[in-house]
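Asks: Once you've had a glance at the structure underneath, I'll fire off some questions.
The values are calculated or read from the model by the stated rules, or taken from the named source; none is laboratory data. Nothing here was measured: the structure is a model prediction, and the numbers come from that model. Every residue, glycine as well, gets a Cβ built from its backbone with ideal geometry; the counts of neighbours run over all protein chains shown. When the accessible area is computed, the model is the full protein with side chains, heavy atoms only, and any ligands, DNA or RNA have been set aside. Shrake-Rupley method; radii C 1.70, N 1.55, O 1.52, S 1.80 Å.
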Amino acid sequence: VILTVTLNPALDVTYAVDGLVVGATHRVRTVAERAGGKGVNVARVLHAHGTPVRATGYAGGDTGTRITAQLAGCGIPAAFLPIAGESRRTVTVTDGGVATGFWEPGPTVSPAEWLAFLDHYGDQLPGAAAVVLAGSLPPGVPADAYAVLVALAQERGVPAVLDADGAALRCGVAAEPLLAKPNAAELSAATGLPVSTVDEARTAARALRGGRPTSVVASLGGAGVVAATAHGDLRAFLPEPVVGNATGAGDACVAALVRGLLAGAPWPEVLARAVAGGAAAAAAPVAGMVDEDLMGRLRKDVVVEEI
Ligand SMILES: Nc1ncnc2c1ncn2[C@@H]1O[C@H](COP(=O)(O)OP(=O)(O)OP(=O)(O)O)[C@@H](O)[C@H]1O
Ligand SMILES: [Mg+2]
């Protein structure tokens, strides 16, 4: 199985309204609820494609219960560690395709809860083919949390894939995961380098790698991906970006990267599938869902080149 770790999962609530006005009262037409957070989203895509997964992380309070119940309802195996704080909700108000978000801060994790997670995580590692560590760290978890989790996995022969931001990304990469997947803003923040062109993305991805065995795949939205690997640097992109909702494209991209790497596909194929997966998610009416037929069609149009 692929283990996904989401330390700060969310119950994603979407309200659909007509004519959002600040200061007004709105009748909500529909309310949709879904378990979310980056690792959960990666698990959802992998599960939809028939890859065995288990989602873990922290879940607290009534919201934590709803998150785990929602995953159970989707048939996604989950083993979240209960904590005292209340898991967060994210509320998105959509009005004719325009989305406005409200992100709750989420619970603070106690030192004892962090130590308990290390045990819980250690129990999940045997039998895992890979671990995906994704999303923000909740308050209270140490800044080097991902470095610790990467090291624990890889000491036991379980390759780790990291999708994180800021200090969590920098510290995590120092532990030499198999792969890190920052987007342009995350790569720029982690390296202090500009990332607005493919050339700059390559330079920054190489800087973040810093000669480690870790591969850095920088995702550049509609411009595809730039990869810095021990075997050279590559770029993969669709000649025509898709029009749609990019929310969750990164998570679909990570899911495709993990699947491709575990299948032993060569880098050009791994990256082509990652670009097609992200683009299929961007084209999907429901954020982050990936239609495999569409992904297959888009895959044929992806251009891969050495850079
Ligand atoms: N409009 C688009 N057209 C084609 N491909 C896209 C588009 N948007 C995203 N993708 C594909 O999906 C990948 C990931 O998207 P992006 O770089 O936006 O990730 P992200 O910022 O991490 O997203 P997330 O919000 O899910 O964290 C891109 O590298 C690209 O291959
Ligand atoms: Mg992302």
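Asks: If I build a Gaussian network model for the chain, linking alpha-carbon pairs within less than 10 angstrom, which residue out of 146, 58, 15 has the largest mean-square fluctuation?
Replies: Sorting by GNM fluctuation, first place goes to 15.
Asks: Mind checking which of 250, 278, 122 has the largest fluctuation in a GNM of the chain, springs on alpha carbons under 10 Å?
Replies: Ranking 250, 278, 122 by mean-square fluctuation puts 122 first.
Asks: Moving on. Once you compute Rg and the Kirkwood Rh from C-alpha atoms, what is the Rg to Rh ratio for the chain?
Replies: 0.96
Asks: Can I ask one more? What do you get for Rg/Rh of the stretch 170-297 when both radii come from the Cα atoms and Rh is the Kirkwood radius?
Replies: Rg/Rh: 0.95.
Asks: Next up: Per-residue HN-Hα couplings for the stretch 112-129, Karplus 6.51 cos²θ - 1.76 cosθ + 1.60 at θ = phi - 60°, whole Hz, x for Gly and Pro?
Replies: 5, 5, 5, 4, 5, 5, 4, 5, 4, 5, x, 5, 8, 5, x, x, 6, 7
Asks: Once the other residues with Cβ under 9 Å from the Cβ of residue 173 are scored (Lys, Arg +1; Asp, Glu -1), what is the net sum?
Replies: Charge balance in the 9 Å sphere: +2.
Asks: Report for the stretch 183-257 the percent antiparallel among DSSP-assigned beta bridges with both residues inside it, nearest 5.
Replies: Details: 9 of 10 bridges.
Rounded to the nearest five, the antiparallel share is 90 percent.
Asks: Suppose R0 equals 30 Å. What FRET efficiency, 1/(1 + (r/R0)^6) with r the Cβ-Cβ distance, do residue 174 and residue 292 give to the nearest 0.05? Write down the numbers at each step before the final one.
Replies: Working: r = 36 Å, r/R0 = 1.19.
Given R0 = 30 Å and the Cβ-Cβ separation, E is 0.25.
Asks: So, one more: Projected area of the stretch 22-83, taken from the Cα convex hull and averaged over every viewing direction, in nm²?
Replies: 5.9
Asks: Let me ask another. Between the alpha-carbon centers of the stretch 121-166 and the stretch 178-208, tell me the distance in whole angstrom.
Replies: That distance is 21 Å.
Asks: Per residue, how many Å² of accessible area does the chain show with a 1.4 Å probe?
Replies: Here the per-residue accessible area is 43 Å².
Asks: Treating the stretch 1-104 as a set of equal point scatterers at the Cα positions, no solvent, please give the Debye-formula log₁₀ I(q)/I(0) at q = 0.10, 0.19, 0.22 Å⁻¹.
Replies: Values returned for q = 0.10, 0.19, 0.22 Å⁻¹ are -0.31, -0.90, -1.06.
Asks: A further question follows. Share of the chain's accessible area from carbon and sulfur, percent, 1.4 Å?
Replies: Summing carbon and sulfur atoms, their accessible area is 55 percent of the total for the chain.
Asks: Moving to a separate point now. Scan around residue 109 for amide H atoms under 5 Å from its own, H built in the peptide plane at 1.01 Å from N, and keep only partners 5 or more places away or cross-chain.
Replies: The answer is 140, 141.
Asks: When you have a sec, figure out the Kirkwood radius of the stretch 114-247 from all distinct Cα pair distances and drop it here in Å to one decimal?
Replies: 15.4
Asks: Which net charge results for the neighbourhood of residue 164, defined as the other residues with beta-carbon distances under 14 angstrom from its beta-carbon, given Lys and Arg at +1 and Asp and Glu at -1? Before the final figure, lay out the partial values.
Replies: Values: positive: 38, 170, 181; negative: 144, 163, 165, 186, 251.
Taking every Cβ under 14 Å from that of residue 164, the sum is -2.
Asks: Could you tell me the largest-minus-smallest coordinate of the C-alpha atoms of the stretch 212-267 on each of the three principal axes, in descending order and whole angstroms?
Replies: Largest to smallest, the principal-axis extents are 34, 20, 18 Å.
Asks: Could you state the per residue volume, in Å³, of the convex hull enclosing the Cα atoms of the stretch 1-53?
Replies: That works out to 94 Å³ per residue.
Asks: Something else about it: Under 25 °C and 0.890 mPa s, how fast does the stretch 151-227 diffuse according to Stokes-Einstein, given a Kirkwood radius computed over C-alpha pairs? Answer in µm²/s, whole number.
Replies: Estimated via Stokes-Einstein, D reaches 201 µm²/s.
Asks: Moving on. Residue-wise, which Karplus ³J(HN,Hα) couplings in Hz belong to the stretch 214-223, taking 6.51 cos²θ - 1.76 cosθ + 1.60, θ = phi - 60°, and x for glycine or proline?
Replies: Taking θ as phi minus 60°, the curve returns 4, 8, 10, 10, 8, 9, 10, x, x, 8 Hz for the stretch 214-223.
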